[in-house]
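Worksheet for the structure shown next.
The values are calculated or read from the model by the stated rules, or taken from the named source; none is laboratory data. The structure displayed is predicted, hence computed values, not measured ones. Cβ sites come from the backbone with ideal geometry, for glycine too, and all protein chains shown count toward neighbours.
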Amino acid sequence: MSKKYPRFDSIFKTYKKVHPNGTPPCELCDKPAIVRIFMEVNYMNGDDEDFRVCDEHLKLAKSDGEGFYKAYFAAQENDNGKESSQLEEPVAQREGDHAK
Ligand SMILES: [Zn+2]
C-alpha cells in the first residue's frame, strides 16, 4: 500500500508559547497561526515543507493534505493579485518598423 501525498507529517512548533500579540498569521488566512507544521510531499524527508497555520487549517492539513495545498495556493494567488494590481504598469511600447 503506497502513501498518498501530500500528507500531514508532524507539528514542528507550537506558537502558544510565544507572545499572544506577536503571533504570526496563518499562511492560508489572516487568523493567528497556532503551530508550524511539516507536510510530506513525497517519500523524501528532505523535501518536507513547513507552514504556519491556524487551528482551522491545522485540521484541514490533518484531514486532507490535497485540500490543504489547494487552499494554500489559492491564498498565494490572492496575495499576488493584490500586489500585481498595484505594480501593474502598462507596456504599450513597440519596436518601430523601419521597413520602407
Ligand atoms: Zn488559517
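Looking across the range 33-52, the residues that are buried (at least 20 other Cβ atoms within 10 Å of the Cβ) and under 12 Å from PRO6 (Cβ atoms) come down to ILE37, MET39, PHE51. Of the residues making up the range 53-70, those that are over 20 Å from TYR5 (Cβ atoms) and either more than 9 Å from the ligand (Cβ to nearest atom) or assigned to a helix (DSSP H, G or I) (or both) are ASP55, GLU56.
Restricting the search to the range 33-48, which residues are in contact (Cβ under 8 Å) with a residue 12 or more places away in the chain and not polar (S, T, N, Q)? Of everything in the range 33-48, those that are in contact (Cβ under 8 Å) with a residue 12 or more places away in the chain and not polar (S, T, N, Q) turn out to be ALA33, ILE34, VAL35, ARG36, ILE37, PHE38, MET39, GLU40, VAL41, TYR43, ASP48.
Look at the range 21-32: where a residue is without any contact (Cβ under 8 Å) to a residue 40 or more places away in the chain and a partner is more than 7 Å from the ligand (Cβ to nearest atom) and assigned to a loop (DSSP other than H, G, I, E, B), sitting 6+ places away or on another chain with Cβ atoms under 8 Å, you get THR23/ALA33; THR23/ILE34; PRO24/ALA33; PRO25/ALA33; CYS26/ALA33; PRO32/THR23; PRO32/PRO24. If you check GLU89 against the conditions, is it surrounded by fewer than 16 Cβ atoms within 10 Å (Cβ to Cβ) and at pLDDT below 60? Yes; evaluated as a whole, the condition is true for this residue.
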